[in-house]
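Student: Below you'll find the structure I mean.
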Amino acid sequence: MAAGTKPAWVCAVPLEAAVQRLAAQFAAVVTPPTVIYLRGDLGAGKTTFARAYIQALGFPGYVKSPSYGLLETYEAGGQKILHLDLYRIEDPEELEYLALRDLFDRQSVLLVEWPQHGGGNLPPPDVVLDFGETNEERFVSCSVISQHGRELAGKIELPT
């Protein structure tokens, strides 16, 4: 969860399909420019969310994890989606080589896995999704950082 921020909501995601449904809901309501930070341990569902988001917008090809290349760019649903994975980054200054400032524009949605590795070299998020689990369940906690993020989070229908 974002420091000092109370989550807007917490959603149980017991199966991969639940993460995919949540991502599809986001894909239906997100409008560029938007920055979404995806945080959580390895295997928590961050890449599953990003992949499902991109596919829900109608991207026809394979959506790969950008773990080694750091950044993958997709065009789908009238959006330019920048999928950034900073797990393997050793120095936040490495982000300068990606020209992220040039790539992220008014038509972009930026999905960032492991944003804590980016230091101050990332645009601020609109929404932070924390993927976690307790002994009983897996969940996604949504914290809103901007007014735009508050509007997006309010459009997500949580299962009852």
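Student: Given the condition more than 13 Å from the chain's Cα centre (by Cα), loosely packed, with under 11 Cβ neighbours inside 10 Å, over 16 Å from residue 52 (Cβ atoms) and among the charged types (D, E, K, R), answer yes or no: does some residue in segment 100-123 qualify?
Tutor: Yes, that holds for at least one residue.
Student: What is the residue count in segment 124-160 for residues that are surrounded by 13 or more Cβ atoms within 10 Å (Cβ to Cβ), touching a residue at least 60 places away in the same chain (Cβ under 8 Å) and in a loop (DSSP other than H, G, I, E, B)?
Tutor: 4
Student: Then there's this: Would you mind stating whether residue 76 is touching a Leu at 6+ places or on another chain (Cβ under 6 Å) and without any contact (Cβ under 8 Å) to a residue 24 or more places away in the chain?
Tutor: Criteria met by residue 76.
Student: As an exercise: evaluate residue 96 against (1) under 22 Å from residue 19 (Cβ atoms); (2) surrounded by fewer than 16 Cβ atoms within 10 Å (Cβ to Cβ); (3) of a type outside the set (A, V, I, L, M, F, W, C); (4) touching a residue at least 12 places away in the same chain (Cβ under 8 Å) and give the number of the one condition it does not meet.
Tutor: Looking at each condition in turn, residue 96 falls short on (1).
Student: Of the conditions (1) over 20 Å from residue 8 (Cβ atoms); (2) in contact (Cβ under 8 Å) with a residue 12 or more places away in the chain; (3) in contact with an Asp or Glu (Cβ under 9 Å, 6 or more places away or on another chain), residue 64 satisfies every one except a single condition; which number is it?
Tutor: For residue 64, the failing item is (2).
Student: Hey, another quick one. Counting only residues that are surrounded by fewer than 18 Cβ atoms within 10 Å (Cβ to Cβ) and not in a loop (DSSP other than H, G, I, E, B), how many does segment 73-87 have?
Tutor: Final tally of qualifying residues: 2.
Student: Taking segment 1-15, which residues are surrounded by fewer than 21 Cβ atoms within 10 Å (Cβ to Cβ) and either closer than 17 Å to residue 111 by Cβ or in contact with a His (Cβ under 8 Å, 6 or more places away or on another chain) (or both)?
Tutor: Once the filter is applied, which keeps residues that are surrounded by fewer than 21 Cβ atoms within 10 Å (Cβ to Cβ) and either closer than 17 Å to residue 111 by Cβ or in contact with a His (Cβ under 8 Å, 6 or more places away or on another chain) (or both), segment 1-15 yields only 2.
Student: Out of all the residues in segment 128-160, which are touching a Lys or Arg at 6+ places or on another chain (Cβ under 9 Å), at pLDDT 95 or above and not small (Gly, Ala, Ser)?
Tutor: 128, 129, 130, 131, 144
Student: Just give me the residues in segment 35-60 being over 10 Å from the mean Cα position of the chain (by Cα), within 19 Å of residue 104 (Cβ to Cβ) and not in a helix (DSSP H, G or I), in sequence order.
Tutor: 57, 59
The values are calculated or read from the model by the stated rules, or taken from the named source; none is laboratory data. The structure displayed is predicted, hence computed values, not measured ones. Cβ coordinates were reconstructed from backbone atoms using ideal geometry, including for glycine residues, and neighbour counts include every protein chain displayed.
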